[in-house]
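Accompanying notes for the structure given below.
The values are calculated or read from the model by the stated rules, or taken from the named source; none is laboratory data. The structure presented is a predicted model; accordingly, all values stated were derived computationally and were not measured. Here Cβ is always computed from backbone atoms with ideal geometry, including for glycine, and neighbour counts include all displayed protein chains.
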Amino acid sequence: MVTDSIEEHPAAQSRPRRRFAARAISGVLAVAVVLGVGQLVALLINPDSSPFYAVGSTTVDRTPAWAREFAIETFGTNDKPALFIGMSILIALLGALAGVLERPRRPVGSAILIALGLVGVYAALNRPTADAMYAFPTIVGVVAGVVTLRLLIGQLDVAPSPGIPETWLPRRQFLMLAGVAVAVAAAAGAAGKFVGQRIAGASANRADFVVPTAASAAPPIPAAANIGVAGASTYITPNDDFYRIDTALLVPQLTTDSWELRIHGMVDRELTLSFDDLVARTPIERVITLTCVSNEVGGNLAGNATWIGYPIKDILEEVGVHPDADMLLSTSVDGFTVGTPVEVVTDGRDAMLAVAMNGEPLPFEHGYPVRQVVPGLYGFVSATKWVTEWELTRFDQVDAYWTQRGWGAQAPIKTASRIEVPASLAPVNAGQIQIAGTAWAQHRGIKAVEVRVDNGPWQPATLAQEYSIDTWRQWSWMWDAAPGLHTVQVRAIDLDGNVQVEERTPPIPGGATGWHTRSFTVK
């Protein structure tokens, strides 16, 4: 009777499902230990050597241009969080699979963890700043993860005492080991706290930084430069709203004490500038619009800010650029490279090494303590953040990061315009309504903006006052809207008389073209 009772016990009936779930949980805990221990060890070497961030960064580097553009188009500036979430889900699934397949005498799950570790080692060693030590965090993490997996699965495969059914919980020893694994994995939180302390040091450095007073101040922005229409862009983009597109999964945390700029290559005199050397120069202040090449027609990857910095032209004149050098190859602290035409940064436009943005030290996400700002070029060929190296070279000798991936080598910004008010598909009441938006053609300037409804004749929009040819220009147009569904289009004309291109082309390789279109339902 006792035996029959044991065989029919609900716990015995659900045992296979519980064992399966416990194995899967064991695998997830094991990969959590891999990542947690790896991140802790990485703090002793370089945060970029963390297996999670190394794999993420290498994924970004190896991603084809079309996939990168899909991510930006789909997730916008949330592309990095989307990558983190996707990686976390995939890693958890692989960990669960490792746990399900692991057996004391058949360590298939351990082999999966080791294979993941090899991917992590490869990714870490391929970071631009890597040395042999970058492999160490992943190796230590995998060893800890395999030990964790073997111990947990070993406890699950211990047979229960004869005649005593298992309860709904796994074995007590398993639970104890699982708790230890959770504690070890939580070391990632301790690592994050340590990183936070490092960031706090950089934050304190930024908080202590005094924005220099520009010897050449930007002219005041006239009130008439801002149309002030609710829902439209403000003339100056606040720092928190300014778009961020870059390849850095971990935002570099440089200080003014650690920053320097090495200048070498095809120059008469190599030079290394410390931050004190830089700020001893004469600063300028300018309002400049930046645009990302990934910006789709009508997109929001453009922003206008007031920058304080030091003219690039003056520094290049000091080192003596060779006449046949046509590229300024700039490198970020994380190894990202940008190729900028020497002619552009020396032709008199306000290309600068910026240290301040809208009256504040540069935000970390926008390059603190020093970044490049160059009017008239898309960011991927000009606007290097966290810049630490300049090499004077040639376009026919070196390809920068995105050029290697099929993007343009020299990318002047194309004339563009967008409709911002009313919002797309927004209900609109019949009668007089205001259509408004922004247009730009950096370093050429905007001469006119035209609007049309339902493919009718083009009508001139009212332009806000021009501030400079290096900034965007706002516009508005009054429309006597009749009931029904209507389509509104906009196009801009630059000061050279060039009309914005109608044909729709994708952002890559050199910037999107096409007229922005919005549809409205008028009631």
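Of all residues in segment 208-246, those satisfying the criterion of being farther than 22 Å from residue 478 by Cβ and of a type in the set (Phe, Trp, Tyr) are 209, 242, 243. Residue count for segment 290-313 satisfying the condition of being farther than 23 Å from residue 75 by Cα and either in contact with a Ser or Thr (Cβ under 7 Å, 6 or more places away or on another chain) or not small (Gly, Ala, Ser) (or both): 8. Please determine whether any residue of segment 404-417 is over 18 Å from residue 517 (Cβ atoms), crowded, with 19+ Cβ neighbours inside 10 Å and at pLDDT 95 or above. So far as segment 404-417 goes, yes, one or more of its residues are over 18 Å from residue 517 (Cβ atoms), crowded, with 19+ Cβ neighbours inside 10 Å and at pLDDT 95 or above. Looking across segment 90-128, the residues that are surrounded by 14 or more Cβ atoms within 10 Å (Cβ to Cβ) and β-branched (Val, Ile, Thr) come down to 91, 100, 112, 114, 119, 121. Considering segment 356-388, the residues that are part of a loop (DSSP other than H, G, I, E, B) and touching a His at 6+ places or on another chain (Cβ under 7 Å) include one that is surrounded by the fewest Cβ atoms within 10 Å (Cβ to Cβ), namely 376.
If you go through segment 496-523 and keep only what is among the β-branched types (Val, Ile, Thr) and over 29 Å from the mean Cα position of the chain (by Cα), you end up with 499, 521, 522. Restricting attention to segment 471-494, the residues that are over 33 Å from the mean Cα position of the chain (by Cα) and under 24 Å from residue 225 (Cα atoms) add up to 3.
At least 1 residues that are over 26 Å from residue 42 (Cα atoms) and modelled with pLDDT under 90 in each: list the helices (runs of 4 or more DSSP H) lying fully within segment 111-217 that qualify. Once the helices (runs of 4 or more DSSP H) in segment 111-217 are filtered for at least 1 residues that are over 26 Å from residue 42 (Cα atoms) and modelled with pLDDT under 90, what remains is 136-156, 172-185. Among helices (runs of 4 or more DSSP H) entirely within segment 1-69, having at least 3 residues that are at pLDDT 70 or above singles out 10-42, 51-62.
Residue 371 fulfils the conditions (1) under 26 Å from residue 406 (Cα atoms); (2) in contact (Cβ under 8 Å) with a residue 40 or more places away in the chain; (3) of a type in the set (Lys, Arg) except for a single criterion, (2).
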